[in-house]
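In what follows, a structure is listed as structure tokens, so that the remarks can point back to it.
A short reminder: the numbers here are calculations on the coordinates, not readings from a lab. Note that the structure is predicted; figures quoted are calculated from it, not measured. Positions of Cβ are backbone-derived with ideal geometry, glycine not excepted, and every protein chain shown enters the neighbour counts.
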Amino acid sequence: MPRSILVIDDDPGVLSVLTRFFQRKGWEVHQAGSGEDGLRRWESTRPDVVLLDLDLPGMSGLQVLDVLVSRGAAVIMLTGHAEVETAVDAMQAGAETFLTKPVDLAHVEVAAERAAEKQELRRTNELLSRQLAGGETAASLGTSARMVALARQVELLAGSADTTALLLGESGTGKSWVAQMIHSRSPRARSPFVEINCAGLSATFLDSELFGHEKGAFTDAREMKRGLFEVADRGTLFLDEIGDLAPELQPKLLRVLETRTFRRLGGTREMTVDVRLLAATNKDLTAEVRTGKFREDLFYRLSVFPLTIPPLRDRSREDVLELMHRFLRELGGRHPSSPGQLAPRAATALAEYAWPGNVRELRNVLERALVLASGAERIDLEHLPEPLRARGAPRANREDAEILSLAQVEQRHIERALYLLNGNRTAAAEKLGISRSTLHAKIAQYGLEAAGR
């Protein structure tokens, strides 16, 4: 992909000259005539370098600079001879350099190349810092034989820079986390990791997000927009919930996978990208192919390397405990006054729970427990949701065992159903095999209003 530059200047002549010059040099050029428009253009295009005029109508060049620098942009200031002192202030505010008008085009090119190289190095250093801080390897998936085998597959897949992979598993099993791990340990790690969820997006919106669009491609397309395939060039694009990809977009995705080329929505120019694609789904794509909802050729092209992430209920107790402690370390930084340890009975309750919401549910429960346990020595049973507390309670012997009445059993069962379904009464009634009106009556009878909202 060519390097890109955004020129922000209210002088049409300057915009025209700089645009033609950089286009001849093979750069992709974007224009803006004001600071406000420049910020919008930067958000939609994310160029490698910005050429910013200091003297702008409305929002000043220095104000625009502050915003761009805070967002990580590489900015070169363009100034008049009388503004050199202000330009020095701009350098102190984060500009890469400044050039006085009328600019020497050769100097502009050198400055832009240098800024683009520094920006690439800056992004690389940030990525490496995040990786060192995280310190995660595929071994962090778990120590059981099943998870060790999965970790080996992840490492092999990470070592292959171009292999397309399909991550399979229930919702919340950590497919996104595994995809990021594959990218961060691959030869593409210094380039972007871009993620998008295909579920719930209209075909037109997702088309624009993935492939970008040209100005005027549809009613609200007031300016050109780069798609995520362009943003992820030389990196990894992760398409979550690929099973929900609109049928009309499936052939376009297949074409990119086979030819590495595409066109922006409303465009005629062929764009070439170097992107490694990872996809994930909780659906049975084989069944989707049989019913005609998913293209067979796309399915086979995506599943070059299928990788199944098991649900928590199928992982060993040791794997779940390791996962809990990893989350406690991650979340502890957000809650410094909370304990970093679990009481044995709390650990037992967490390890023995079935976790229908998988990794996502476990993380949420632990974060809630950290908040409730603020100032305590350890996370204990009282900091966990009701359905988990009974699992960690001491076992009574036969003589002392509590015999619950049928009403008590019913109350606890309804309370657990409401908890697992996030208070959705319609879904709970369906799972319990009773009418919604009957469930309403039971909720009132047992005083479960808070659980069933």
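Listed values, structure above:
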quantity	calculated
Cα gyration tensor shape of the range 312-395, rounded if a/c is under 1.5, else prolate or oblate by comparing a/b with b/c	oblate
Three-way shape label, the range 1-43, alpha-carbon gyration tensor, a/c 1.5	oblate
With at most 13 neighbouring Cβ atoms within 10 Å, loop GluC sites (Glu not before Pro) (DSSP) excluded, longest segment of the chain	1-269
Where labels lie 7 Å past Cα in the beta-carbon direction, separation of residue 114 and residue 440 in nm	7.3
Cα-centred dipole magnitude for the chain, charges only on beta-carbon of K, R (+1) and D, E (-1), debye, nearest 20	1420
Candidate aspartates and glutamates - alpha carbon under 18 Å from residue 431, same-chain residues fewer than 8 apart omitted	410, 415
Over the chain, equivalent-ellipsoid semi-axes from the Cα gyration tensor in Å	51, 27, 23
Gained length - residue 360 relative to residue 223, 0.36 nm times residue gap less alpha-carbon distance	45.6 nm
Helix runs (DSSP H) in the chain reaching 24 Å along axis by Cα, Kyte-Doolittle at least 0.5	none
Footprinting exposure proxy for 300, 446, 353 (fewest neighbouring C-beta atoms within 10 Å first)	300, 446, 353
Whole-number percent relative contact order across the chain, with pairs defined as alpha carbons under 8 Å at least 6 apart	11
The range 140-310: C-alpha gyration tensor shape, a/c 1.5 cut-off, then a/b vs b/c	prolate
Alpha-carbon Debye profile of the range 4-128, log10 I(q)/I(0) at 0.09, 0.19, 0.22 Å⁻¹	-0.21, -1.01, -1.41
Residue 430/residue 325 FRET efficiency (R0 35 Å; Cβ-Cβ; nearest 0.05)	0.45
Distance violations [Cα-Cα > 26 Å] among 215/252; 252/293; 25/252; 175/215; 225/283; 175/225	25/252; 175/215; 225/283; 175/225
Cut-off under 5 Å, modelled amide H: who pairs with residue 99 long-range	77, 78, 79
